[in-house]
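Heads up: the structure comes next, in structure tokens.
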Amino acid sequence: MQKLIAMNGMRPTGPLHLGHYTSALKLTLGLQNSSTCKEIYLMIADDQALTDNYGNPAKVSDNVLEVALDYLSCGIDPNKVSLVLQSQIPALKEMAFYFLDLVSLSRLERNPTVKAELKQKEFRNNIPVGFLSYPISQAADIIAFNSDIVPVGEDQAPMVEQTNEIVHKFNYLYGNGKEVIHPCKIMLPSKKESLRLPGLDGKSKMSKSLNNCIYLKDSPDVIKTKIMSMYTDPLHLKVEDPGHTKNNPVFIYLEAFASDSHFKKYYPEFNSLKELKKAYEKGGIGDVKIKRFLLDVILETLSPIQEKRKELEKNIPYVYKVLEEGTKKANKVANTTLKRIKEAIGLEYFNNSSLIEYQIKKYQ
Ligand code: ATP
Ligand code: MG
């Protein structure tokens, strides 16, 4: 079977959280540890982070290292995955500039993820053009590496759709029957709870910008405080009351992270989440007990990641080196794609003997 190219990324607007881990990161780790891919690019999208943090560039540049540390702590292997720093790849901006012509303003305004983000950010009448058009810049990120698959959470589906619209329009207009740039497919987590992990408030998606996260680097004490004050089932007032597991973030997190072996170790009264859910729904199990179990599960999941982070924090120059090496490789590929794009549009004026011959003939 033909090996694939995978590409995804995170915005350096804060350290990574459980939402990233359970979706995009786990998928990337899965690809890294299988033989599906010939190349994997994992970006830190600092230019994209600036589109809504332009007033605070230090926040973005500081978090570049945070995200790189989180990537490597989770087990991303730089020998198999290229870490890419977006701002250091000039070809991406050039590509995005040409793609801007292929997308209408109303199309950008219809993007459901951008729509929800605009509501949150309250730009009102001052929406930065850079922010509204970030799906186009993201399309360039994906297209630059000839990506076949984009492993992400569900909120990224509109971005992949936008990317493929650009690909099809570009190839139709400039391809002369050939594929100049490559379409991609979204790759989503198989567990429905991991598609869009809710925040601690139980309302919106866990998101760095919403301050409703359990960060991968949070200390056990901080995680305990966060889990113990989590929103659960407002109708489950007394232990004997029947509880609701649907839309209950504690159970959604258990679905995403708990395995039967966690039950054996930390909650042997039950064999599986299915059994626990049944009992909770019947009544007789207190929220504190469930939260304690969730705490054990999360701490066990994060413990090896945090150990590795401690080691990496002692070797910051190594982390920057990994980022530099990956970015170097990415620049090469992106430059080749950009060359193809410019040639297809007809923007090769110099060292182009066939163009010179054509013009000479025209003027003879
Ligand atoms: P920001 O608030 O700055 O947008 P974020 O927390 O939404 O940050 P991103 O960097 O935008 O994180 O997202 C990076 C990747 O992680 C994307 O693939 C996205 O789908 C995935 N992701 C982010 N949050 C979640 C979540 N709560 N559940 C599942 N996947 C998520
Ligand atoms: Mg986001």
(request) Using the Kirkwood radius over Cα pairs, work out the Stokes-Einstein diffusion coefficient for the chain at 37 °C and 0.692 mPa s, in µm²/s as a whole number. (result) 147 µm²/s
(request) Rounded to the nearest Å, what's the spacing between the alpha carbon centres of the stretch 210-261 and the stretch 126-194? Just the number, please. (result) 34 Å
(message) How high is the relative contact order of the stretch 220-312? Use alpha-carbon pairs under 8 Å, at least six apart in sequence, and give a whole percent.
(response) 33 percent
(request) Report, ordered by chain and residue number, the aspartates and glutamates lying within cross-link reach of Lys203, taken as a straight Cα distance under 19 Å and ignoring same-chain residues fewer than 8 apart. (result) Glu117, Glu122, Glu154, Asp155, Glu193, Asp233, Glu255, Asp287
(request) On a C-alpha basis, how far is the centre of the stretch 78-99 from the centre of the stretch 349-363 in Å? Whole number, if you could? (result) 32 Å
(request) Evaluate the distance, in nm, between pseudo-label points positioned 7 Å from the Cα of Glu122 and of Asp62 along their respective Cα→Cβ axes. (result) 2.3 nm
(message) Taking each pair of distinct Cα atoms in the stretch 220-312 once, what is the resulting Kirkwood hydrodynamic radius in Å?
(response) 13.8 Å
(request) For the pairs Lys3/Lys339; Lys192/Lys329; Lys38/Lys191; Lys26/Lys265, note any where the Cα-Cα span goes beyond 29 Å. (result) Lys192/Lys329
(request) Kindly state, to the nearest 0.05, the FRET efficiency for Lys238 paired with Lys278, given R0 = 22 Å and r defined as their beta-carbon distance. (result) 0.70
(request) Quote the FRET efficiency, to the nearest 0.05, computed for Lys339 versus Val129 with a Förster distance R0 of 41 Å and r equal to the Cβ-Cβ distance. (result) 0.90
(message) Just to verify a number: FRET efficiency for Lys224 and Lys264, C-beta to C-beta distance, R0 = 25 Å, to 0.05?
(response) 0.65
(message) Using a Gaussian network model on the chain with a 10 Å cutoff between Cα atoms, which of Val319, Val84, Val288 fluctuates the most?
(response) Val288
(request) Evaluate the charge dipole of the chain about its Cα centre and quote only its size in Debye, nearest 20, assuming +1 on the Cβ of each Lys and Arg and -1 on the Cβ of each Asp and Glu. (result) 320 debye
(message) A 28 angstrom limit on the alpha carbon distance is what I want to check against. Which of Lys217/Lys291; Lys93/Lys314; Lys115/Lys246 exceed it?
(response) Lys93/Lys314
(request) Between Tyr363 and Thr36, with labels modelled 7 Å along Cα→Cβ, what's the label distance in nm to one decimal, could you check? (result) 5.5 nm
(request) Enumerate the calculated ³J(HN,Hα) couplings along the stretch 189-205 in order (Karplus 6.51 cos²θ - 1.76 cosθ + 1.60, θ = phi - 60°), each rounded to whole Hz, writing x wherever the residue is Gly or Pro. (result) x, 6, 7, 5, 5, 8, 5, 7, 5, x, x, 4, 6, x, 9, 8, 5
(request) Excluding Leu4 itself, calculate the net charge of residues whose Cβ lies under 11 Å from the Cβ of Leu4, where each Lys or Arg counts +1 and each Asp or Glu counts -1. (result) +1
(request) For the stretch 220-312, give the magnitude of the charge dipole about the Cα centre (Cβ charges: +1 Lys/Arg, -1 Asp/Glu; no others), in debye to the nearest 20. (result) 100 debye
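Coordinate-derived values only; no laboratory data. It should be emphasised that the depicted structure is a prediction, and the values quoted were computed from it without experimental measurement. Every residue, glycine among them, receives a Cβ derived from its backbone with ideal geometry; neighbour counts consider all protein chains shown.
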